[in-house]
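The values are calculated or read from the model by the stated rules, or taken from the named source; none is laboratory data. Because the structure is predicted, anything quoted here is derived from the model rather than measured. All Cβ positions, glycine included, derive from the backbone under ideal geometry; neighbour counts span all protein chains shown. Please note that ligands, DNA and RNA were not included when accessible areas were found on the heavy atoms of the full protein model with its side chains. Shrake-Rupley method; radii C 1.70, N 1.55, O 1.52, S 1.80 Å.
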Amino acid sequence: MTDIIILHHYDTSPYSEKVRLGLGLKGLAWASVEIPVIMPKPDLTALTGGYRKTPVLQIGADIYCDSQLIMRELERRHPSPGFYPAGRGAADALAWWAEKTMFSPAVGIAFAKRPDALPDGFLEDRAKFSGRNIDPAAMMAALPYLFDQLRAHLHWLDQMMADGRSFLQGAEAGLADLAAYHPIWFLQRNFGPAAAPLGGFARLLSWAERVAAIGHGDRRPMTSQAALAVASAATSSTGTVADRDDPIGRQPGQRVTVTPDDTGRDPVVGELVASGLDEIVIKRSDPAVGEICVHFPRAGFAVTQA
Ligand SMILES: N[C@@H](CCC(=O)N[C@@H](CS)C(=O)NCC(=O)O)C(=O)O
């Protein structure tokens, strides 16, 4: 029971859609914990130590923050079918570019045009989350710019499939497809299948149907309390690993702070357990769950001495 895959997420979250499709691509069974869309999220932050973003993956007493790392961990534990049909490197870079570039305009368009779909307190929460003032009039004024940006990047995606391939890197779907798809999914969810500026890209529309058809695997509901009980009952499976090539000589046992470098910059403090090129793991204790290990990717996170 303690090795069940638990995804902490909410249905309207684009980054979570990437992971849900990843679970589907691998044909996995998983437990779904619905977390609040805005702060506070006490049961989530008991697990993460303060990290508030969505989604978070839990397996026993190991907590994986950020969808970049979540996908890598799913690949490590369940390598087949793989997320990398054309190898790593290019797929990771493509995924990083696509979602970093298209998530923000896609949600900006939806927030400006569909204020009715936002829960109470949402814009105030996201202003704190992003560290920027969110003004509905400025959001409306920015719409032409957001459409232009999205259209330019969608065009590049569209060109990748100009030779008639089914997916971005060939005949099979992989990480790059799921990462490029989730901002498009968000637009389609809010404005229909041919949402502007997508409507002009017929190839992308049929690609999006193929990606959506992957589905979400075998999803079962779980309460946040049950997920905390799983963490309490489990022991982390992470062993101590020193990074001999760490640029500043960080060592297991040191106390460090790990903080996202873009939005939701809530610092998490703990004892370094393992680190390497792709991942850093810190150990911390919480009265609700005991000792747990929290895992973060390296790209996009600042690690400082605590
Ligand atoms: N780099 C992060 C980005 C995650 C992200 O920004 N998620 C959005 C929702 S899709 C979020 O956290 N919004 C604020 C919240 O849910 O509290 C990842 O890949 O997981």
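Given their separation in residues at 0.36 nm each and the Cα-Cα distance between them, SER206 and ILE248 gain 10.4 nm when the chain is fully extended. Electrostatic bookkeeping for HIS8 treats Lys and Arg as +1 and Asp and Glu as -1; over the other residues with beta carbon under 11 Å from its beta carbon, the sum is +1. For the chain, the longest principal axis of the alpha carbon atoms and the long axis of helix 143-160 meet at an angle near 90°.
Taking each of LYS53/LYS128; LYS18/LYS53; LYS41/LYS100 in turn, the alpha-carbon distance tops 19 angstrom for LYS41/LYS100.
With a cut-off of 13 Å between beta carbons, the residues surrounding ARG255 carry a summed charge of +2, where Lys and Arg count +1 and Asp and Glu -1.
The accessible surface of the chain, taken with every protein chain in place and a 1.4 Å probe, is 54 percent carbon and sulfur. Excluding ligands, DNA and RNA, the accessible surface per residue across region 51-144 is 44 Å² with a 1.4 Å probe. Descending by average beta-carbon neighbour count within 10 Å, the peptides 231-243, 291-303, 7-19 line up as 7-19, 291-303, 231-243, the highest first.
Between the Cα long axis of helix 90-113 and the first principal axis of the chain there is an angle of about 70°, rounded to the nearest 10. Excluding ligands, DNA and RNA, the accessible surface per residue across region 215-295 is 53 Å² with a 1.4 Å probe.
When DSSP beta bridges are limited to those with both residues in the chain, what percentage is antiparallel, rounded to the nearest 5?
70
Distances longer than 28 Å among the Cα atoms of the chain: what percent of all pairs is that? Cα-Cα pairs of the chain separated by over 28 Å account for 40 percent.
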